[in-house]
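Scroll down for the structure; my scribbles are underneath it.
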Amino acid sequence: MIPAIICIIASGVVTTVMDFVIGIFKRGHPEVYSVADVGYIMAGRFGKELFGGMYWVSSCMMIAMLMEDILRLGRIWSGFGLLDRHECCHPPWGMHHSLGGDMHRSQYRDRRL
């Protein structure tokens, strides 16, 4: 319980600091509305295309990861349906296995780097 509270507080602190930094940048550059606009300020037209493309790629990767998690949850829940006849514990176990798969995937990716 204590590590979870520490993580939540740390996440709140990081969010607050990032909001402060973004607010300072936004105050100095009111014309900025997106990541591509920041790229334009930093590197002109090339920066705008680069930052916009990186944002698009990261969004596509996030959607692909979410779709993979949804498919994994569906397979896990249908597997639990074969083992027992009640539905009360399928969502918690599905989330447990989905998060375990995410941790395994990140460890494998870090090992490759």
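The values are calculated or read from the model by the stated rules, or taken from the named source; none is laboratory data. Note that this is a predicted model, so its numbers are computed, not measured. So basically every Cβ, Gly included, is an ideal-geometry build from the backbone, and we count neighbours across all protein chains shown.
Within segment 13-66, being among the aromatic types (Phe, Trp, Tyr), within 23 Å of the chain's Cα centre (by Cα) and assigned to a helix (DSSP H, G or I) holds for 20, 51, 55, 56. Please find, among 104, 97, 90, the residue that is within 16 Å of the chain's Cα centre (by Cα) and at pLDDT below 85. None of the others qualify; the one that does is 104. For segment 7-38, the set of residues classified as more than 20 Å from residue 49 (Cα to Cα) and either in contact with a Leu (Cβ under 9 Å, 6 or more places away or on another chain) or of a type in the set (Ser, Thr, Tyr) (or both) consists of 11, 15, 16, listed by residue number. In segment 12-39, the residues that are closer than 24 Å to residue 56 by Cα and at pLDDT below 90 form Cβ pairs under 8 Å with partners that are part of a loop (DSSP other than H, G, I, E, B) and of a type in the set (A, V, I, L, M, F, W, C), at six or more places apart or across chains, as follows: 25/32; 26/32; 38/32. Residues in segment 3-26 that are within 16 Å of residue 38 (Cα to Cα) and either of a type outside the set (A, V, I, L, M) or touching a His at 6+ places or on another chain (Cβ under 6 Å) (or both): 19, 23, 25, 26.
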